[in-house]
1. So which of A:E21, A:E10, A:E38 is free of Cβ contacts under 8 Å to residues at least 24 places away in the same chain, acidic (D, E) and either surrounded by fewer than 24 Cβ atoms within 10 Å (Cβ to Cβ) or closer than 17 Å to A:Y84 by Cα (or both)?
2. Quick one: B:A114 ticks every box in (1) surrounded by 15 or more Cβ atoms within 10 Å (Cβ to Cβ); (2) within 30 Å of B:L169 (Cα to Cα) except a single one, so which number is it?
3. Is there any pair linking a residue in the stretch B:132-160 that is free of Cβ contacts under 8 Å to residues at least 24 places away in the same chain and within 28 Å of A:N79 (Cα to Cα) to one that is small (G, A, S) and buried (at least 23 other Cβ atoms within 10 Å of the Cβ), with Cβ under 7 Å and at least six apart or on different chains, and which?
4. Pick from A:A76, A:A90, A:A102: which is assigned to a loop (DSSP other than H, G, I, E, B), among the small types (G, A, S) and within 13 Å of another protein chain (Cβ to nearest Cβ)?
5. Check off (1) at the interface with another protein chain (Cβ under 10 Å from one of its Cβ atoms); (2) more than 19 Å from B:P176 (Cβ to Cβ); (3) under 18 Å from the mean Cα position of the chain (by Cα) for A:K69 and give me the number that stays unchecked.
6. With respect to A:A19, determine if the residue is farther than 28 Å from B:G163 by Cβ, aliphatic (A, V, I, L, M) and either in contact with a Gly (Cβ under 9 Å, 6 or more places away or on another chain) or outside any strand (DSSP E or B) (or both).
7. Could you list all residues from the stretch A:227-242 that are within 21 Å of the chain's Cα centre (by Cα) and of a type outside the set (S, T, Y)?
8. Could you check the stretch A:165-178 and list, in sequence order, the residues that are open to solvent by less than 30 Å² (accessible area, probe 1.4 Å) and not aliphatic (A, V, I, L, M)?
Amino acid sequence: MTTPTAVALEDAKVAFRLADERIYTAVEKAHLTVAQGEFVAIVGPTGCGKSTLLNVAAGLLKPAAGSVKIFDRPLAGLNRDAGYLFQADALFPWKTALDNVAIGLEIKGTPRTEALPRAQKWLTSVGLGAFAGRYPHMLSGGQRKRVALAQVLIRDPKILLMDEPFGPLDAQTRQVMGNLLLDLWSADRKAVLFVTHDLEEAIALADRVVIMSAGPSSRIIGDWRVTLPRPRDIFEVRLDREFHALHREIWSVLKDEVMKGYAQSTQAAEAV
Amino acid sequence: MSRLTLLALQVLVAVVCIVLWQVLSTVPVFGKILLPPFFFSNPVDVFSQIVKWFASGVIWKHLAITLWESILAFVIGSLGGVLVGFWFARQPTVAAVFDPYVKMANALPRVVLAPIFALWLGLGIWSKVALGVTLVFFIVFFNVYQGVKEVSRTVLDNGRMLGMSERQLMQHVYWPSALSWMFSSLHTSVGFAVVGAVVGEYLGSAAGLGYLIQQAEGVFDVAGVFAGMFVLSAFVILIDTGVTLVERRLLVWRPTAADGRG
C-alpha cells in the first residue's frame with residue numbers, strides 16, 4: 001500500500017562505554033523517520049548527539065537498544081543504500097579530484113574507461129569541470145566539498161546522510177553550496193538526513209526540521225514541517241514572512257536547549 | 001636572494017676553504033706550516049689523486065660495487081620494512097608481542113654487527129648489503145607502521161561508506177598512506193643504505209669506496225683518504241638528487257612535504 005520508509009529509527013538508544021567504565025548515554029529513545037524523497041534536517045545544540053544519530057543510520061554505529069530500518073528492512077552492518085557526506089575532509093588526498101569522484105564507481109567494478117567520463121560529468125555538474133586534475137590540497141574548502149558531493153552522488157545512493165557538511169565553510173560559500181545541493185537534490189529527490197547546528201540553514205533546505213534536546217541522553221523534542229514552496233533559493237527564502245514565523249517558533253524551543261547545553265559544557269569544564 | 005647570488009655565495013664558501021687549505025699547508029706562517037702536509041695533505045694532491053683514479057679507471061669498479069651494495073640494501077630493507085610494517089599495523093597483538101624486541105634490535109648500534117655479517121656472509125658484497133638492510137629496514141618499518149596506523153578516521157569511514165571492501169581499503173587507503181610516509185623518509189633510508197655499504201667495506205672487503213679509503217689510511221696516504229671522501233660525498237649528493245626527483249614525481253599530491261624534509 002504505502003511506499004517503504006527510507007530511514008526509520010525506532011526507540012534507538014546510543015551509549016558509549018567511557019574510559020572509566022561508566023556508560024555514557026548519548027541519545028535516548030530516538031524516534032525518527034525519513035520518507036522517500038523527503039529532506040529532513042536535525043538541529044540541536046553542540047554535543048547533543050545529532051551526528052551520533054546519523055552514524056547509526058549509516059551503520060557506522062550500532063544502537064544499544066531499539067531498531068534501525070532502511071526501506072523497512074532491519075539494518076545489518078553498513079548502510080549500503082546511503083551516501084555519507086562528512087563534516088571533516090574525507091577525500092583521498094593522494095587522488096586527483098577526478099579520481100576521487102571516479103573511485104565511487106570503480107569500487108563497484110565499473111571499468112575505469114567508463115568511470116572517468118562519468119566522473120568528469122559529475123565534476124562539471126558541481127561546477128568543477130576545469131579542476132579535474134587538481135589534488136585536494138590544491139582546492140579551496142568549498143571546492144573540496146563539491147568534489148565530496150560528486151563523489152557521493154555518482155554512486156546514486158537512495159539515501160543521503162550529511163553531517164554538518166558545510167560547517168567548516170564561510171557563510172557565503174555555505175549558501176552557495178546549499179543552493180547547489182538543492183539543485184542536485186531536486187533532480188531525483190533522494191531521501192536526505194541533514195545534520196546541522198544552524199537553524200536557518202535547516203529551515204531553508206529541509207521539508208522537516210527535527211530538534212534535539214541538549215545531551216547527555218538527548219531526545220528528539222520537536223518536529224516541524226516546512227511548507228515553504230520549492231524550488232527554493234536560499235538567499236531569497238530567508239526574507240520570507242513564513243520563514244521568519246517558523247524560525248521564531250522553533251528557536252523558542254531550541255534556545256532553552258542551547259542554553260542548557262552551554263551551561264552543561266561550562267560546568268563540565270569547571271568540574272575538570 | 002636570487003638563485004644566482006645564492007649559488008655564487010655557495011661556490012665562494014668552497015673556494016675560500018680550498019684556498020685557505022692550500023695556503024696553510026704550503027706557505028709557512030711565521031716560519032711554520034700550520035697544516036703539515038703529512039697530516040692534512042693539500043688540495044692539489046687530493047685533486048690529482050682523484051683525477052688519477054678516474055683517468056686510470058680504477059675508481060669505476062669501486063663506485064659500481066658500492067652503488068650495487070647500496071641499491072640491494074635499500075631494496076631488500078624497504079621490502080622487509082613495508083611487509084613487516086603492514087603486518088604489525090594490521091595485527092596489534094603481533095605488534096605488542098614483538099614490540100620490546102623491535103626496540104631492542106633498533107637500539108643496537110649496527111656497526112657491531114658488521115664482523116658477524118662478515119663471518120656469516122664472507123667478505124663479498126652480501127655482508128655489506130646485510131649491514132645496510134639492518135639500517136634501512138627499521139626506518140622504513142617505523143614509517144610504514146605509522147602510516148598505516150595514522151590513516152585519518154574520516155577518510156577510512158568514507159572509504160567504507162563508499163562501499164570499499166577490506167582489500168580495496170588496503171589498495172586505496174592504507175597502501176597510499178603508508179607509501180607516502182615511506183617516501184617522506186626516502187632521503188634518510190637511501191642515505192643509510194650507502195652508510196651501511198661504506199662502513200661494511202671499511203671494516204673488511206676487497207672493493208668499494210670504503211675499501212679505497214681504508215687502504216689509503218693503512219699506508220698513511222692522507223691525500224688518498226681525502227680523495228676518497230670527496231668522491232664519496234659527490235656520489236651521495238648524486239644519489240640524493242635522484243631521490244629528490246623521484247620524490248617530486250611521486251608525492252605531487254602532497255602540499256609541502258616534498259620540499260619540507262629535503
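The values are calculated or read from the model by the stated rules, or taken from the named source; none is laboratory data. Only a predicted model underlies this, so the values are computations on that prediction, with no experimental measurement involved. Neighbour counts are summed over all protein chains in view; Cβ atoms, including those assigned to glycine, are modelled from backbone coordinates with ideal geometry. Please note that ligands, DNA and RNA were not included when accessible areas were found on the heavy atoms of the full protein model with its side chains. Shrake-Rupley method; radii C 1.70, N 1.55, O 1.52, S 1.80 Å.
1. Exactly one residue qualifies, and that residue is A:E21.
2. Status for B:A114: all satisfied but (2).
3. Pairs that qualify, where the first residue is free of Cβ contacts under 8 Å to residues at least 24 places away in the same chain and within 28 Å of A:N79 (Cα to Cα) and the partner is small (G, A, S) and buried (at least 23 other Cβ atoms within 10 Å of the Cβ), are B:T154/A:A90; B:V155/A:A90; B:N158/A:A90.
4. Of the residues listed, the single one that is assigned to a loop (DSSP other than H, G, I, E, B), among the small types (G, A, S) and within 13 Å of another protein chain (Cβ to nearest Cβ) is A:A90.
5. Of (1) at the interface with another protein chain (Cβ under 10 Å from one of its Cβ atoms); (2) more than 19 Å from B:P176 (Cβ to Cβ); (3) under 18 Å from the mean Cα position of the chain (by Cα), only one is false for A:K69: (1).
6. yes
7. Hits for the stretch A:227-242 are A:L228, A:R230, A:P231, A:R232, A:D233, A:I234, A:F235, A:V237, A:R238.
8. If the condition is that a residue be open to solvent by less than 30 Å² (accessible area, probe 1.4 Å) and not aliphatic (A, V, I, L, M), then A:P165, A:F166, A:G167, A:G178 are the ones that fit.
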